[in-house]
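Report on the following structure.
The values are calculated or read from the model by the stated rules, or taken from the named source; none is laboratory data. From a predicted model like this one, the values you see are computed outputs, not experimental measurements. We place every Cβ from the backbone using ideal geometry, glycine too, and count neighbours over all the protein chains shown.
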Amino acid sequence: MHHLLVTHSYKKSLVALGLTLVCLPITTHAQIRSELTRSSFETTLSNGLQVIIREDHRSPMVMTQIWYKVGSTDESGNITGISHVLEHMMFKGTSKVPNDEFSRLSRIYGGTVNAATFTNYTNYYQLYPKTYFPMALELEADRMRNLLLRKQDFDPEIKVVMEERRLRTDDNPRSLAFERFKWISYPTSHYRQPVIGHMKHLQNISLDDVKQWYQKWYSPNNAILVIVGDVNAESALRQVQKYFGDIKSHPTPVRNDVTEFENIGYRHMEQNTNVEVPNLYMAWNVKSLATASNPEDVYALTLIRSLLDSGISSRLQQRLVRDKKLATALSVSYDPYNRGDSLFSISALPVTGVELPELQKAIEHEVERLKTELVQPQELERISTRFVANLIYGQDDIIGQAKMIGNLAVNGLNYRLMDQLPQHFEAVTPEDIQHVAQTAFVRNNLSTLYLQPEKKATK
């Protein structure tokens, strides 16, 4: 590959990414990998824009994503939800691409465009046939610096956001209760703030607030451009330099802290609301890859999630749903790639007649078993094989690859970790599982919510 004559430094590396077909559970780790390698390229432009390009020539498509390092955790005071409001406004046009022309172009040229706001970031993506890759870059660069924020667009759009808040949260008792639950499960971190924002804040956010937010955070030095697909890295970089290279950068605000105090103490809340059946929520404050002193603990925690809930043969499903018939449904979640500390969460619906304290006790018993009994090697092998297969298969298309690259990079992790994750998960031992269970699943890290149906008034 010829070296580019550019004024900024860059580095190249070939990295391997295994592919898989979902196979039978007895499939070995070695069998789920192929020998296909993909060329990846990383650089930072002189204005601070981080660029990651990954070649994948299996189909003539290109995924272009831009990830801004701003989300709901960066909001303070009375402007919760403003990152999401700005995301909506980013499709309202520039002088060059007015009104809804951005979306219209995608329909004309066979593309797909969308965006999402999360706690740690806001990302925008465009999926186009490779012929229109330069157009995707031009469109994204244009709205990074030239967005028209007009009252005629803002007034109806803020109403759309408020209606979204009503439908997804205010009119959904479970969502509203979980939003409140986050205030005790994240007592010091801005993760407790809802991405959609509080209604009273949405009602008072002004167009000037949105303009200031755009000017503060939307800068090339606060963004990551991810390109995956049928491109040549060197020629793609020339196009990136053409459209983004002259955008001026500016200092961005210091981001809010997203770590939690340790051993805060057990927290519990109860709420009666308009639900048909009781709901149990449990959440332990735990570390992520970005905050853990020992990354192996995070890999073990991730596999514990699968041990407890990854199909009908997983521990909680088998023992509490099928055998003991204490729950009708269970779900376990954990995000190891968070920018700050994370939550290890379990939600459950009890069988009729089972009280929530009884169900909580049964779940805690299964968690305690992880502390006192070593997981059998065969069980761990089965879980890790399935997990690694799904991990690799999830990155088999350019959308999955771009999402993983951006998610790692925007949360302060090296994107090349995506190619190393299978080995890290394969290396987890029964002793690792036991160790992290003993340190993470302690009562002082636990929050619980009992969501009960409202008591009907008697005549």
Say whether the condition of being under 26 Å from V62 (Cα atoms), assigned to a helix (DSSP H, G or I) and in contact with a helix residue (DSSP H, G or I) (Cβ under 9 Å, 6 or more places away or on another chain) is met by at least one residue in the stretch 375-389.
yes
Does the stretch 347-358 include one or more residues that are of a type outside the set (G, A, S), in contact with a Leu (Cβ under 6 Å, 6 or more places away or on another chain) and in a helix (DSSP H, G or I)?
yes
Between a first residue in the stretch 368-382 that is farther than 13 Å from V436 by Cα and in the same structural domain as T302 (by TED's automatic domain parsing) and a second residue that is part of a helix (DSSP H, G or I) and aliphatic (A, V, I, L, M), which pairs have beta carbons less than 9 Å apart while being 6 or more apart in sequence or on different chains?
E379/L307; L380/L303; L380/L307; L380/I433
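Any residue in the stretch 373-380 that is surrounded by fewer than 22 Cβ atoms within 10 Å (Cβ to Cβ) and under 28 Å from H268 (Cβ atoms)?
To start, the set of residues in the stretch 373-380 that are surrounded by fewer than 22 Cβ atoms within 10 Å (Cβ to Cβ) comprises 373-374, 376-380.
Next, only the ones that are under 28 Å from H268 (Cβ atoms) stay: 373.
Within the stretch 373-380 (the criterion being surrounded by fewer than 22 Cβ atoms within 10 Å (Cβ to Cβ) and under 28 Å from H268 (Cβ atoms)), the answer is yes, since at least one residue qualifies.
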Evaluate the following for L289: is it within 19 Å of G340 (Cβ to Cβ), surrounded by 16 or more Cβ atoms within 10 Å (Cβ to Cβ) and touching a helix residue (DSSP H, G or I) at 6+ places or on another chain (Cβ under 9 Å)?
yes
Any idea which of A389, A362 is surrounded by 21 or more Cβ atoms within 10 Å (Cβ to Cβ) and in contact (Cβ under 8 Å) with a residue 40 or more places away in the chain?
A389
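For every residue, the table says whether it meets (1) modelled with pLDDT under 95; (2) part of a loop (DSSP other than H, G, I, E, B).
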| site | (1), (2) |
| --- | --- |
| E260 | yes, yes |
| G265 | no, yes |
| N272 | no, no |
| W284 | no, no |
| D297 | no, no |
| L307 | no, no |
| L320 | no, no |
| T328 | no, no |
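Which one of these is among the charged types (D, E, K, R), surrounded by fewer than 22 Cβ atoms within 10 Å (Cβ to Cβ) and without any contact (Cβ under 8 Å) to a residue 24 or more places away in the chain: D397, D419?
Matching residue, one of D397, D419: D397.
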Please go through the stretch 135-156 and pick out each residue that is over 23 Å from M199 (Cβ atoms) and crowded, with 19+ Cβ neighbours inside 10 Å.
A136, L137, L139, E140, A141, R143, M144, L147
List the pairs whose first member sits in the stretch 315-344 and is of a type in the set (F, W, Y), whose second member is in a loop (DSSP other than H, G, I, E, B), and whose Cβ atoms are under 7 Å apart, counting only residues at least 6 apart or on separate chains?
Y337/S288; Y337/L289; Y337/N411; Y337/L413
Check on K182, at pLDDT 95 or above and either hydrophobic (A, V, I, L, M, F, W, C) or closer than 20 Å to Y214 by Cα (or both)
no
Any residue at all in the stretch 64-75 that's surrounded by fewer than 21 Cβ atoms within 10 Å (Cβ to Cβ) and touching a helix residue (DSSP H, G or I) at 6+ places or on another chain (Cβ under 9 Å)?
no
Failed item, numbered, when A409 is tested on (1) touching a helix residue (DSSP H, G or I) at 6+ places or on another chain (Cβ under 6 Å); (2) surrounded by 16 or more Cβ atoms within 10 Å (Cβ to Cβ); (3) at pLDDT 95 or above
(1)
From the option list I224, I247, single residue qualifying as in a loop (DSSP other than H, G, I, E, B), modelled with pLDDT of 95 or more, over 30 Å from R443 (Cα atoms) and out of contact with any Leu (no Cβ under 7 Å at 6 or more places or on another chain) is I247
For the stretch 104-120, which positions are under 27 Å from H201 (Cβ atoms) and out of contact with any Gly (no Cβ under 8 Å at 6 or more places or on another chain)?
N114, A115, A116
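Out of the residues in the stretch 157-197 that are among the polar types (S, T, N, Q) and within 20 Å of the chain's Cα centre (by Cα), which is surrounded by the most Cβ atoms within 10 Å (Cβ to Cβ)?
Per the criteria, the residue is S185.
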Residue check for V240: assigned by TED's automatic domain parsing to the domain that holds G71, in contact with a strand residue (DSSP E or B) (Cβ under 6 Å, 6 or more places away or on another chain) and outside any loop (DSSP other than H, G, I, E, B):
yes
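Would it be correct to say that G48 is under 23 Å from F133 (Cβ atoms) and not in a strand (DSSP E or B)? Let's see the steps before the verdict.
Numbers: under 23 Å from F133 (Cβ atoms): yes; not in a strand (DSSP E or B): yes.
Yes: the conditions hold for G48.
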Does Y415 count as in a helix (DSSP H, G or I) and hydroxyl-bearing (S, T, Y)?
no
State whether the residues of the stretch 430-452 include one that is in contact with a helix residue (DSSP H, G or I) (Cβ under 8 Å, 6 or more places away or on another chain), under 30 Å from S175 (Cα atoms) and among the aromatic types (F, W, Y).
yes
Identify all residues within the stretch 58-95 that are assigned to a loop (DSSP other than H, G, I, E, B), of a type outside the set (A, V, I, L, M) and more than 18 Å from E163 (Cβ to Cβ); write none if there are none.
R58, S59, P60, K69, G71, E75, S76, G77, N78, S95
Out of all the residues in the stretch 365-372, is one or more under 30 Å from R54 (Cβ atoms), crowded, with 20+ Cβ neighbours inside 10 Å and of a type in the set (V, I, T)?
no
Restricting the search to the stretch 198-249, which residues are small (G, A, S), over 15 Å from V70 (Cβ atoms) and either surrounded by fewer than 16 Cβ atoms within 10 Å (Cβ to Cβ) or in contact with an Asp or Glu (Cβ under 7 Å, 6 or more places away or on another chain) (or both)?
S206, G229, A233, S235
